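Below is one structure, written out as structure tokens, with a few remarks after it.
The values are calculated or read from the model by the stated rules, or taken from the named source; none is laboratory data. Since this is a predicted model, take the numbers as computed values, not measurements. No Cβ is skipped: glycine too gets one built from the backbone with ideal geometry, and neighbour counts run over all protein chains shown.
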Amino acid sequence: MGLKQRLMYGLLPLAAILALQPANAALVQFDFTGVVRVTSGHYTSGESFSGHYIIDTTVSGTESIRVYSSGDRITSTNYNNPVTEFEMIFADKTISYTPDGLFGSSSIRVFNDQRFNSYGGGSYYLDRLITNISDVNGSVGRVDLVQFDWGETSSNGWPGLLTSSEMPVVATDYSVDYYQGSISADGNQNIHFQLTSLEVTAVPLPAPIWLFLSGLLSLFAVTKRKSSIVA
């Protein structure tokens, strides 16, 4: 069997594996920590938490325009169901979400280089990202909505936090003005929290794919060596 045929048969299993795996190169993970500020019900003011959520950056967005009473015209890009995984861990409870097609939904709104002309007597520049995760499982009861809201404001020009309103949503500077969010649970619990850290990273390819690629490269090296010896 020639070298080209060996490589062809070697690449067929790789293609099958890639077809069955999610497009990990397009997944972005947000790791966070925070503390509860205003609370009710099962959540206690001052308690800390950590967690993460992962978004699929290949989801298509639609533009939305809102005109305020002040005359400001604000544009955002909305993405439906981009969250593929979510977990929020407290000392004695957890909130988690994995879309199954039946329950739960998510959305992201991105505001990039938006300007309010009539805010507090002057111009107000905004970069902002809002993530909503709805109808999720909680160890102390079902949660209606978890919202993460972070961004940067400026009165002297564009903040520069986001480079565009398109996916992938990865900030260029994490010296943001605010990290905040809220939890609505059981229809009457409204909990507000402050994020103390936020890190955004690309999700790596699964280990099996890297192992297969290593094996394929080894096969190529052995085949090339044998060809050289025969020659």
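Could you list, in sequence order, the residues of the range 73-87 that are within 12 Å of the chain's Cα centre (by Cα) and over 14 Å from ILE54 (Cα atoms)?
Result: no residue meets the conditions.
If you scan the range 31-77, which residues turn out to be modelled with pLDDT of 90 or more, in contact with a Ser or Thr (Cβ under 9 Å, 6 or more places away or on another chain) and of a type in the set (A, V, I, L, M, F, W, C)?
Listed by number, the residues that qualify are PHE32, VAL35, VAL36, PHE49, ILE54, ILE55.
Filter the range 163-194 for residues that are at pLDDT 75 or above and not hydroxyl-bearing (Ser, Thr, Tyr) and give the result.
GLU166, GLN180, GLY181, ILE183, ALA185, ASN190, ILE191, HIS192, PHE193, GLN194
Restricting to the range 51-93, name every residue that is under 24 Å from GLN194 (Cα atoms) and loosely packed, with under 13 Cβ neighbours inside 10 Å.
Of everything in the range 51-93, those that are under 24 Å from GLN194 (Cα atoms) and loosely packed, with under 13 Cβ neighbours inside 10 Å turn out to be ALA91, ASP92.
Checking the condition more than 28 Å from VAL110 (Cα to Cα), of a type in the set (S, T, N, Q) and at pLDDT 75 or above, which residue from SER214, SER197, SER228, SER139 passes?
Working: SER214 fails: at pLDDT 75 or above; SER197 fails: more than 28 Å from VAL110 (Cα to Cα); SER228 fails: at pLDDT 75 or above.
Result: SER139 is the single residue among SER214, SER197, SER228, SER139 that is more than 28 Å from VAL110 (Cα to Cα), of a type in the set (S, T, N, Q) and at pLDDT 75 or above.
When you go through LEU20, LEU7 one by one, which is the residue that is in contact with a helix residue (DSSP H, G or I) (Cβ under 8 Å, 6 or more places away or on another chain) and either closer than 18 Å to GLN147 by Cβ or modelled with pLDDT under 85 (or both)?
Only one candidate qualifies: LEU7.
Look through GLY51, GLY141 and report the one residue that is part of a loop (DSSP other than H, G, I, E, B) and in contact with a Gly (Cβ under 9 Å, 6 or more places away or on another chain).
Numbers: GLY51 fails: part of a loop (DSSP other than H, G, I, E, B).
Testing whether each residue is part of a loop (DSSP other than H, G, I, E, B) and in contact with a Gly (Cβ under 9 Å, 6 or more places away or on another chain) leaves just GLY141.
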